[in-house]
Amino acid sequence: MNNKEFTIGKLKEADFAKLFTGVTASSKKEDMYEHWDLKIETKIDVKSLKKQAREDITYNENFHWVELKNVRGKLSWLYGDADYFAFETEDYWVVVEKKALQDFIESKCKGKLI
């Protein structure tokens, strides 16, 4: 690997690290001998595939419920302690930052929120 490739690789690692909180970069020794670049210490709330309606037979990867209040009338998972949400699809996961999802939902539900 030449210096240019090394520099590009380090820049990409830094770009990726910006997506998360609680990121620790590997030392040169850890990178070379343990073969890892970043350690991410963050909270993720995992959301499985859901049905669009209870009576549906199949799950719909293009539809995910976002809960604003729970059954007790309290703020729900959207306002919990997770840093990110991971939504399941058929072939991969979609990871979304909590603040970004909150802002999106609040922009779509103006005047209708809690």
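The values are calculated or read from the model by the stated rules, or taken from the named source; none is laboratory data. These figures come from a predicted structure and were not determined experimentally. Note that each Cβ is placed from the backbone with ideal geometry, even for glycine, and that neighbours are counted across all protein chains shown. For accessibility, only protein heavy atoms count, side chains too; no ligands or nucleic acids. Shrake-Rupley method; radii C 1.70, N 1.55, O 1.52, S 1.80 Å.
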* Residue by residue through the stretch 81-108, note down the ones that are open to solvent by 100 Å² or more (accessible area, probe 1.4 Å) and assigned to a strand (DSSP E or B). => Trp93
* To do: From Leu19, Leu49, Leu75, Leu101, grab the single residue that is of a type outside the set (D, E, K, R) and touching a helix residue (DSSP H, G or I) at 6+ places or on another chain (Cβ under 9 Å).
  => Leu101
* To do: Tell me which residues, restricted to the stretch 42-64, are touching a residue at least 40 places away in the same chain (Cβ under 8 Å) and either in contact with a Ser or Thr (Cβ under 9 Å, 6 or more places away or on another chain) or in a loop (DSSP other than H, G, I, E, B) (or both).
  => Thr42, Lys43, Ser48, Leu49
* Looking only at the stretch 19-40, decide whether some residue is aromatic (Phe, Trp, Tyr), open to solvent by less than 50 Å² (accessible area, probe 1.4 Å) and in a loop (DSSP other than H, G, I, E, B). => yes
* Which one of the conditions (1) open to solvent by 100 Å² or more (accessible area, probe 1.4 Å); (2) farther than 30 Å from Trp65 by Cα does Lys43 fail to meet, given that it meets all the rest? -> (2)
* Asked: Would you say Leu68 is open to solvent by less than 50 Å² (accessible area, probe 1.4 Å) and either more than 14 Å from the chain's Cα centre (by Cα) or not small (Gly, Ala, Ser) (or both)?
  -> yes
* **Filtered residue count, the stretch 67-80, keeping only those that are under 18 Å from Lys43 (Cβ atoms) and either modelled with pLDDT of 95 or more or not in a loop (DSSP other than H, G, I, E, B) (or both)** => 4
